[in-house]
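Structure record follows, encoded as structure tokens.
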Amino acid sequence: MFIGKLRGVVSLGLSLERQLGVKVRPTIRPTVNLPPLPADTFPRLLAAHAARQPAAPAVREKDLGIWQAWTWADVATEVREIACGLASLGFRPFDNLAIVGANRPHLYMAVVAAQSLRGVPVPLYQDAVAGEMVFMLEDAAIEFVFAEDQEQVDKLLECRELQQGKQPNLRHIIYDDPKGLRHYEQPGLLGYEQLRVLGRAFDLANKGYFDAAVASGAPTDVGVILYTSGTTGRPKGVCQTHASFIAAGHGGVVTDKLGPGDNIMSYLPMAWVGDHLFSVAQWLVGGFTLNCPESAETVMNDMREIGPSYYFGPPRTFEGLLTAVSIRMEDAAAPKRWFYGKFMALAQRVGADILNGAPVGGGDRFMYAIGNALVYGPLRNVLGMSRIRVAYTAGAAIGPDLFRFYRSIGVNLKQFYGQTETCAYVCLQQDGKVKLQTVGTAAPGIELKIAHDGEVLVRGVSVLKEYYKRPDATAEVLDAEGYFHTGDAGVLDSEGHLRIIDRAKDVGRMNGGAIFAPNYIENKLKFFPQIKEAVCFGNGRDEVCAAINIDFEAVGNWAERRGLAYGGYVDLAGKPEVLALVGECIAKVNADLAAEDGMADTQIARFLVLHKELDPDDDELTRTRKVRRGFIAEKYAVLLDALYGGKKEQFIETQVKFEDGRTGTVSATLTIVEAKRFPPVKAAA
């Protein structure tokens, strides 16, 4: 299933054919034309919904335990007031408005308000520290910020100090939640309700200003700047037009027949391209209802109350949900565990086929129906997925085992594929045509091509306009034919389904010649609820070694049920019993790899459990929770040397950053464990 080092390897095609058993086709997938869609902008789409369905619910938010609703007419009114308020403060066409905070209705409205004035919203990650945030504020020349609450205001004021008088700097900070900000007297601070008052006054004094601004907007205007995760360097601002995101939203809406009456839970970072596609573009194209949870901790409960019909989550979210289910089942009585195990084995065998409409025997269908009534249905309800018609995952590769689990219990989970530079819109899996190992076929309006070195190239409606103020970087990823170079390694099968292997820069070869794709092995490991994160190393090595993060909640629950005392993450991670537990998971992965053609040599030889969780604040993960593999290899070089040097243990002291900005150190002596490996299993003739 894998390819070797990609760049400049002309002979890759033949090796791929041998490894995958498929024909590597560098031919272009034909463009699928989008259904007719008038060229438009997001503010004009909002106005259209406000005219067609003024009383229908556009947005809901749970506040103090009660769901509050805004109709489309309400949203249009508040967007008008926000825009006019910004205009009264001096916000002008093509200015950038930073937006930072959790998923809140007023923050989504601020996105459209900026666009209404031909301005550009720039969402930032709400968990970014001031030192990270100030780079993007300066890069995008931000003078206006719309913030959620006191926490974000404090960081922005710190950013203002870090800018040290640089021009332009933060002139106006508008906050949505006034709690804790009553006595703040710094210049430029303004509450949301004060902004609305200014907006109404400006609108009265400047008749027609707002309507003229909305009418003057062009589909080719930049509609949003989204910063990349920065896995290998500084984040880059991706400029996407209204036309690009509207086309991407329209393609998804048409494919899955979305519209008024559908509900989606918006809980992922607004700065992430996936949220902008689902919670802004598809929302304003399809006209369904956006639901904002009370907090990140209440998402599952809020989902059960709303019962969304449309859902999206990255693999990490689905891994977390499965971990929660596994913990609950481990606490159940023995008869319930046996009953659950029996029906889940049946689901794993036939559930995905039933969902796909594939032939399944009558006896299995009958037993699955019983399981649906007694196990799968209640399980979907616990997960808040009892009414889901369509669910998607993307943002990182999802393990086939995890993907199969959800489809086996009747959740219509599908994959899509894309990047920030393509509006997260390149491939979609269509109902009835879902393959566990692929991300689907080219989405409407998209052309795919596999380069001779195996890289996936994309051309079509969703490709970025440019990187903000970075013509050099733009020229690197857009070729003369208009193809965007994704940096991903992939192949197209005979039916045009795209299989993503890994990031091109991460795929390599071991010294024995075996192809090494770390992400595939890591996803197998993360299927186990006890393993939260894994980083595998093997490129240019004789063997594969792994650094593991345990899931503190899952392993803690496991330890408590066995009467195993521990004093925190560091103590728990170093327990011999926990190392043995992780070793069992790794042995199962190694057994799978031994049975896969060409993968036996990539079995994990040794592993250790890290003394701390990988954290974006420590630069080990991006804000989208992607592993910074190169940084980790450098930061933990002493551990890598120990893994490959034959040591039994290694002391390490690591600096960490706390949420309040302080720094400290965590130290431990880590045990290096030999993993159980298996001889290759020959495929049946």
Problem set entry | Intensity falloff of the chain expressed as log10 I(q)/I(0), Debye formula with alpha-carbon point scatterers, at q = 0.07 Å⁻¹ | -0.48
For this session: Would you please give the FRET efficiency between Glu193 and Arg304, computed as 1/(1 + (r/R0)^6) with r the Cβ-Cβ distance and R0 = 41 Å, to the nearest 0.05?
Result: 0.80
For this session: Restricting to the chain, compute how many DSSP beta bridges are antiparallel as a %, nearest 5.
Result: 60 percent
Problem set entry | J(HN,Hα) series, the range 243-250, from Karplus relation 6.51 cos²θ - 1.76 cosθ + 1.60, nearest Hz, glycine and proline x | 4, 5, 6, 5, 5, 5, x, 5
For this session: For the chain, find the longest principal axis of its Cα atoms and tell me its angle to the long axis of helix 552-561, 0 to 90°, nearest 10.
Result: 50 degrees
Exercise. Any idea how far apart Val656 and Asp617 come out in nm if each label point goes 7 Å out from Cα toward Cβ?
Worked result: 0.9 nm
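Fully extended, how many nm does the chain gain between Asp211 and Gln186 (0.36 nm per residue separation, minus their Cα-Cα distance)?
Residue separation times 0.36 nm, minus the Cα-Cα distance, leaves 5.7 nm.
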Exercise. Calculated FRET efficiency, Glu649 and Phe678, Cβ-Cβ r, R0 22 Å, to nearest 0.05?
Worked result: 0.30
Exercise. How much of the accessible area of the range 544-685, probe 1.4 Å, is carbon plus sulfur, in whole percent?
Worked result: 50 percent
Exercise. In whole Å, what is the distance between the alpha-carbon centres of the range 446-493 and the range 424-444?
Worked result: 18 Å
For this session: For the range 287-424, with all protein chains present and a 1.4 Å probe, just round the carbon and sulfur fraction of the accessible area to a whole percent.
Result: 58 percent
Problem set entry | Relative contact order of the range 109-190, defined on C-alpha pairs under 8 angstrom at six or more residues apart (%) | 28 percent
Exercise. Sorted by mean Cβ packing within 10 Å, highest first, what order do the peptides 270-280, 400-410, 367-377 take?
Worked result: 270-280, 400-410, 367-377
Seminar exercise, completed: Residue-normalised 222 nm signal for the chain, counting each DSSP H run of n ≥ 4 as -39,500 (n - 2.57), nearest 500 deg cm²/dmol, is -11000 deg cm²/dmol
For this session: Would you mind working out the accessible area per residue for the range 37-125, using a 1.4 Å probe, and quoting it in Å²?
Result: 31 Å²
Seminar exercise, completed: Residue-ordered couplings for the range 311-323, obtained by feeding phi - 60° into the Karplus form 6.51 cos²θ - 1.76 cosθ + 1.60 and rounding to whole Hz (Gly and Pro as x), are 9, 9, x, x, x, 4, 5, 5, 5, x, 5, 5, 4
Exercise. Cα centroid distance between the range 272-329 and the range 353-388, in Å?
Worked result: 21 Å
Exercise. Roughly what percent of Cα-Cα pairs across the range 61-160 reach past 22 Å?
Worked result: 32 percent
Problem set entry | Residues with amide H under 5 Å from that of Asp95, placed H, sequence gap 5 or more | Val120
For this session: Go through 413-425, 536-548, 584-596 and give me the packing order, highest mean Cβ count within 10 Å leading.
Result: 413-425, 536-548, 584-596
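Considering only protein heavy atoms, what per residue accessible area in square angstrom results for the range 511-651 with a 1.4 angstrom probe?
Values: 5240 Å² over 141 residues.
Using a 1.4 Å probe on heavy atoms only, each residue of the range 511-651 averages 37 Å².
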Seminar exercise, completed: Sorting Glu148, Glu481 on solvent-accessible surface, 1.4 Å probe, most exposed first, gives Glu481, Glu148
Problem set entry | Residue-normalised accessible area of the range 424-465, expressed per residue, 1.4 Å probe, Å² | 29 Å²
Problem set entry | Per-residue ³J(HN,Hα) for the range 76-84, Karplus 6.51 cos²θ - 1.76 cosθ + 1.60, θ = phi - 60°, Hz, x for Gly and Pro | 4, 5, 5, 4, 4, 5, 4, 4, 5
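The values are calculated or read from the model by the stated rules, or taken from the named source; none is laboratory data. Just so we're clear, the structure is a prediction, and the values are computed from it rather than from any experiment. With ideal geometry, Cβ positions are generated from the backbone for all residues, glycine too; neighbour counts draw on all protein chains shown. Please note that ligands, DNA and RNA were not included when accessible areas were found on the heavy atoms of the full protein model with its side chains. Shrake-Rupley method; radii C 1.70, N 1.55, O 1.52, S 1.80 Å.
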